[in-house]
Amino acid sequence: MASFNRVILAGNLVRDVELRQLGEDKVVGDVPLAVNEGYKDKQTVHYVDLTLWNQTANFASNYLTKGSNVLVEGRLHQDRWETEDGGKRSKHKITVDKLISLDKKSDTVDKPASTEPTVTQPVQSNDVPF
């Protein structure tokens, strides 16, 4: 029997991405995502843990912050571990393959003050050199 493991979510980052270096060329980042469901006074918030790898983790760490609106696509993954008292625990996470920032460019990247838009004068036809 065939199976398909794909998850697409849009929401807001709950905090800044926490990066960890794994060896010289691998980076992993973890961050929870808040996903709203419903409308007005009947809204429910679901919190989903995201795991980001390498370039995706670096991008998120450099350009996204707490509250950033993102769209993620990835695979559902279940972490399993044993507690100190011998109990078994598990948690579902999303291993992110694609991450897209849904914020406006000015919201995600701070612009230097010197990039004010400049108004140019219209070019007169006799000023054109050809």
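The values are calculated or read from the model by the stated rules, or taken from the named source; none is laboratory data. Only a predicted model underlies this, so the values are computations on that prediction, with no experimental measurement involved. Using ideal geometry, Cβ is built from the backbone for each residue, glycine included, and neighbour counts are taken over all protein chains shown. Calculation scope for accessible area: heavy atoms of the full protein, side chains included, ligands and nucleic acids excluded. Shrake-Rupley method; radii C 1.70, N 1.55, O 1.52, S 1.80 Å.
According to the Cα-based calculation, Rg over Rh for the stretch 1-85 is 1.03, with Rh computed by the Kirkwood formula.
Please arrange ASP49, ASP41 by accessible surface area, largest first, computed with a 1.4 Å probe and ligands excluded.
Working: ASP49 35, ASP41 135 Å².
In descending accessible area the options line up as ASP41, ASP49.
The share of accessible area on the stretch 1-94 that comes from carbon and sulfur is 47 percent, using a 1.4 angstrom probe. Highest mean first, the peptides 22-28, 79-85, 63-69 sorted by other C-beta atoms within 10 Å per residue fall in the order 63-69, 22-28, 79-85.
Set the Förster radius R0 to 35 Å, insert the Cβ-Cβ distance between LYS88 and LEU9 as r into 1/(1 + (r/R0)^6), and round the FRET efficiency to 0.05.
On the way: r = 27 Å, r/R0 = 0.77.
It comes to 0.85.
Our estimate of slack between ASP16 and ASN58, defined as 0.36 nm per intervening residue step minus the Cα-Cα distance, is 13.9 nm.
Residues whose amide H comes within less than 5 Å of that of LEU102, counting only those at least five positions distant or on another chain, are ASN69, VAL70, LEU71 (H built at 1.01 Å from N in the peptide plane). By a 1.4 Å probe calculation restricted to protein chains, LYS98 has an accessible surface near 120 Å², given to the nearest 10.
For the stretch 2-46, the residues whose amide N sits under 20 Å from a probe point set 7 Å from the Cα of LYS66 along the beta carbon direction are 11-20, 29-36, 45-46. Full extension of the chain between GLU37 and GLN78 gives 12.5 nm of extra length, using 0.36 nm per residue less the Cα-Cα distance.
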